[in-house]
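These notes concern the structure reproduced below.
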Amino acid sequence: MTTGPEIDLARIRASLEHGGYEMRGATPKVWWFGNTPELVRKLGELVRDGRKKASAGSLWLWEAEGEALPTVGEIQVVIDWCGAPLAVVEITDVRVVAFNEVDEAFAIEEGEGDCSLKWWREAHWEYFSGELPRIGRLPSADMPLVCTKFRLLHAVRAA
């Protein structure tokens, strides 16, 4: 990820432990959804509230940024734009799927908008149309997406 919230692992760990979640083992990956403060907040709150249980990102962006794909069983901390933790999740499924092969069930699990496949396709096409040009790509119906599902382990109470 090239831009986004500032990550202060010690502050995140302390905040989670203060909120009743004990961090065990290695520090989990810290993550956010979206590319603007407003979208990061909105999507993070959907995760924290248990409505968002999946996410789709461009494989091309993952590759361009040198990021390793998530793995099943991986624990991640979802943060807001200010770097405050919102939730802790566990990855339950990771698949690479073409944009035009994403189905209604996945759109429902993403928990965004009205949860319809039509809304999902329109919103994600718009998102990728803004993000992909920075790596010299344009969206296409067969562009590969990393479709990740996760389960909520801990929700940080809203302030």
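Quickly run through the range 117-150 and pick out the residues that are touching a residue at least 60 places away in the same chain (Cβ under 8 Å) and either assigned to a strand (DSSP E or B) or closer than 15 Å to Leu39 by Cβ (or both). His124, Tyr127, Phe128, Gly130, Glu131, Pro144, Leu145, Val146, Cys147, Thr148, Lys149, Phe150 - these are the residues of the range 117-150 that are touching a residue at least 60 places away in the same chain (Cβ under 8 Å) and either assigned to a strand (DSSP E or B) or closer than 15 Å to Leu39 by Cβ (or both).
When you scan the range 83-97, do you find a residue that is outside any strand (DSSP E or B) and farther than 26 Å from Arg134 by Cβ, even just one? Yes, there is a match, as at least one residue in the range 83-97 is outside any strand (DSSP E or B) and farther than 26 Å from Arg134 by Cβ. None of Glu109, Glu45, Glu90, Glu126 is more than 29 Å from Val156 (Cα to Cα) and of a type in the set (D, E, K, R) except Glu126. When the range 71-94 is filtered for residues that are at pLDDT 95 or above and either under 21 Å from Asp142 (Cα atoms) or in contact with a Lys or Arg (Cβ under 6 Å, 6 or more places away or on another chain) (or both), the ones remaining, listed by number, are Thr92, Asp93, Val94.
Trp81 fulfils the conditions (1) surrounded by 14 or more Cβ atoms within 10 Å (Cβ to Cβ); (2) closer than 17 Å to Phe150 by Cβ except for a single criterion, (2). For Val94, the conditions (1) of a type in the set (A, V, I, L, M, F, W, C); (2) in contact with a Ser or Thr (Cβ under 6 Å, 6 or more places away or on another chain); (3) surrounded by 19 or more Cβ atoms within 10 Å (Cβ to Cβ) are fulfilled apart from (3). Cβ separations smaller than 9 Å between residues 6+ apart or across chains give the following pairs from the range 103-116 residues that are within 19 Å of Asp49 (Cβ to Cβ) to residues that are among the acidic types (Asp, Glu) and buried (at least 17 other Cβ atoms within 10 Å of the Cβ): Cys115/Glu109. The residues of the range 40-64 that are part of a helix (DSSP H, G or I), touching a residue at least 12 places away in the same chain (Cβ under 8 Å) and either out of contact with any Pro (no Cβ under 7 Å at 6 or more places or on another chain) or within 22 Å of Asn100 (Cα to Cα) (or both), listed by number, are Arg41, Leu43, Gly44, Glu45, Leu46, Val47, Arg48, Leu59, Trp60, Leu61, Trp62, Ala64.
The values are calculated or read from the model by the stated rules, or taken from the named source; none is laboratory data. Computed from a predicted structure; not experimentally measured. In this analysis, Cβ positions are derived from the backbone assuming ideal geometry, glycine residues included, and neighbour counts consider all displayed protein chains.
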